[in-house]
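Worksheet: the structure to be examined is printed underneath.
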Amino acid sequence: MTLTLVIGNKNYSSWSLRPWLAMKQFGLQFQEICIPLYNQESSSKIRQYSPSGKVPVLLHNTQILWDSLAICEYLAEEFPNRDWWSKDKAAKAFARSISGEMHSGFPNLRQNMPMNCRARHPGKGMALGVQKDIDRITDIWRECRQKFGSDGNMLFGDFTIADAMFAPVALRFVTYDVQLDAVSQDYVEAILSLPAIQEWIKAAETESEIISNYEF
């Protein structure tokens, strides 16, 4: 079975990171197609693979999936021998809820603190509503760690799809030097220590494209 993941720039594309990280963490072998975003050819190239005209896109035999969370859920069904979600029913329900909240929420953080792996902008991006988003995210992290995460250093102990969904936020917090409580800071450092995240960041640092909307 051939898996191909179509992604955008690793420096900027938070949505691309999510399924890419999950696939790496769970040991799936896949081909990777990277299409730089926001240039004259981006749209036409992406639409060769994606009905929505957006990345990421997963190609699996005859299947096409074009949403980060949908891709992760699909992979969890296709490769059920891996623990994509917690086996505990309550933890799994909580993980799905916060993953959905991440998928659809936190617009102020997204708009004002865009992902930029290789940049450092301490103190910037704190527009109206951003701190509220940060507070909600760190509340989620602390609750996960307290209720479900005592057996490891991820939100639910071991790595799950929920960690893939929140990993780009951890990278944002580093870029903008967001001041965090001890539990949240430990979680950010745990995410940064993942070999797959280190691989992603290293690749992002070698990219030459500059997207002005993601820069200060």
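The values are calculated or read from the model by the stated rules, or taken from the named source; none is laboratory data. Keep in mind that what you see is a predicted model, and the values were worked out from it rather than measured. Positions of Cβ are backbone-derived with ideal geometry, glycine not excepted, and every protein chain shown enters the neighbour counts. Heads up: the accessible areas ignore ligands, DNA and RNA and are worked out on the full protein's heavy atoms, side chains in. Shrake-Rupley method; radii C 1.70, N 1.55, O 1.52, S 1.80 Å.
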Volume per residue (Å³) of the convex hull spanned by the alpha carbons of the stretch 118-216 is 101 Å³
Stretch Val183-Asn61 to full length: gain in nm at 0.36 nm per residue minus the Cα-Cα span? 39.8 nm
As an exercise, take the mean of 1/r over every pair of distinct alpha carbons in the chain, invert it, and state the Kirkwood radius in angstroms. 17.6 Å
Solvent-accessible area per residue, Å², over the chain with all protein chains present [probe radius 1.4 Å]: 48 Å²
Kirkwood radius from Cα pairs of the stretch 34-142 plugged into Stokes-Einstein at 20 °C, 1.002 mPa s, gives D in µm²/s equal to 128 µm²/s
Per-residue ellipticity at 222 nm attributable to helices in the chain (runs of n ≥ 4 DSSP H, -39500 (n - 2.57) apiece, nearest 500 deg cm²/dmol) works out to -15500 deg cm²/dmol
Check each of the trypsin sites (Lys or Arg not before Pro) in the stretch 48-90 and keep only those in coil by DSSP with at most 10 other C-beta atoms within 10 angstrom; list them in order. Lys87
Roughly to the nearest percent, how much of the accessible area of the chain is carbon and sulfur, given a 1.4 Å probe? 48 percent
Cα pair distances in the stretch 77-131, grouped into 5 Å bins until the bin that holds the longest one, percent each: 4, 15, 15, 16, 13, 12, 14, 8, 2
Close lysine pairs (the stretch 1-151; alpha-carbon distance under 24 Å; 8 or more apart or on separate chains) counted at 13
